[in-house]
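Working notes, beginning with the structure itself.
The values are calculated or read from the model by the stated rules, or taken from the named source; none is laboratory data. Being a predicted model, the structure only gives us computed values, none of them experimental. Neighbour counts are summed over all protein chains in view; Cβ atoms, including those assigned to glycine, are modelled from backbone coordinates with ideal geometry. Accessible surface is based on the protein model in full, side chains and every heavy atom, while ligands, DNA and RNA are left aside. Shrake-Rupley method; radii C 1.70, N 1.55, O 1.52, S 1.80 Å.
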Amino acid sequence: MSSSYLLEGEETERLFFRKVLPSDFDAWLPFHQDKRSSQYWYGLPQDPKTACTQQFEGIFERYQNNTGGMNALISKQTNELVGLCGLLLQEVDDKMLWEIGYSILPQYWQQGYATEAATACKIYATQKQLAQELISIIAIKNLPSIKVAEKNGMKLNRTTIYKGNTVGIYTVHLS
């Protein structure tokens, strides 16, 4: 089933967007093996394979329930998985909101991929008129993710507790 919230088939200057596949597991596992990836987020499984399995189960559940989902970000240059990014329906403080979520494999950090992909999500949501605003849920100490949100035109709206973590809710209004 195709979802209007997935960017399947979209592309940016350096990236192709496609659905995450079960075969992406081994390529994504290094994200969970690098302790820096989860240093700002509490409550994740310590075992990298368990954490990766939980994340993939969540991705495929979203696809099934049509609640948005992460897209695999594939490098046009190397055809390798660079990261995950997508539009996700999230419940925050008893409200259903559309989030731009993004995670990049550590070897591709600080190369602009998260900003490129997150910006593509914002443009896509604007063009498809999917929501009046988008959020990003970011742990308050996660400065790299905060910078991505700010480069994408988002501003800190408020802080709250989300899944046991103190987070900033960054918001951008779509026109």
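Some observations on this one:
- Furthest towards positive pole of dipole, THR50, ILE74, GLY101, structure part segment 24-140, Cβ charges: ILE74
- Largest-first ordering by accessible area, 1.4 Å probe, given options ASP93, ASP24, ASP34: ASP93, ASP34, ASP24
- Using a cutoff of 8 angstrom between alpha carbon atoms and counting only pairs six or more residues apart, the relative contact order for the chain works out to 20 percent.
- Apolar share of the accessible surface for the chain: 48 percent from carbon plus sulfur atoms, 1.4 Å probe.
- Each Lys and Arg contributes +1 and each Asp and Glu -1, all at the Cβ; summed about the Cα centre of segment 6-91, the dipole is approximately 140 debye.
- Within the listed set THR53, THR78, THR119, the residue fluctuating most in the Gaussian network model of the chain (springs between alpha-carbon atoms under 10 angstrom) is THR78.
- Cα gyration tensor shape of the chain, rounded if a/c is under 1.5, else prolate or oblate by comparing a/b with b/c: rounded
- DSSP bridge orientation in segment 16-175 - percent antiparallel, rounded to nearest 5: 95
- Within the listed set ALA114, ALA131, ALA72, the Gaussian network model of the chain (springs between alpha-carbon atoms below 10 Å) gives the highest mean-square fluctuation for ALA131.
- Total formal charge among the other residues, if their Cβ is under 15 angstrom from that of THR115, Lys/Arg +1 and Asp/Glu -1: +1
- Dipole moment magnitude, nearest 20 debye, the chain about Cα centre, only Lys, Arg, Asp, Glu C-beta charged: 400
- Solvent exposure of segment 1-58, expressed per residue, is 63 Å² of accessible area, with all protein chains present and a 1.4 angstrom probe.
- Solvent-accessible area of ILE140, all protein chains in place: 80 Å² (probe radius 1.4 Å, heavy atoms, ligands and nucleic acids excluded).
- If you count Lys pairs in segment 49-175 whose Cα atoms are under 23 Å apart, skipping same-chain pairs closer than 8 places in sequence, the total is 18.
- Prolate/oblate/rounded call for segment 76-175, Cα gyration tensor, a/c under 1.5 rounded: oblate
- Whole-Hz Karplus values for segment 98-114 come out as 8, 10, 8, x, 8, 8, 10, 4, x, 5, 10, 4, 6, 10, x, 5, 4 Hz, taken residue by residue from phi with 6.51 cos²θ - 1.76 cosθ + 1.60 and θ = phi - 60°; glycine and proline positions read x.
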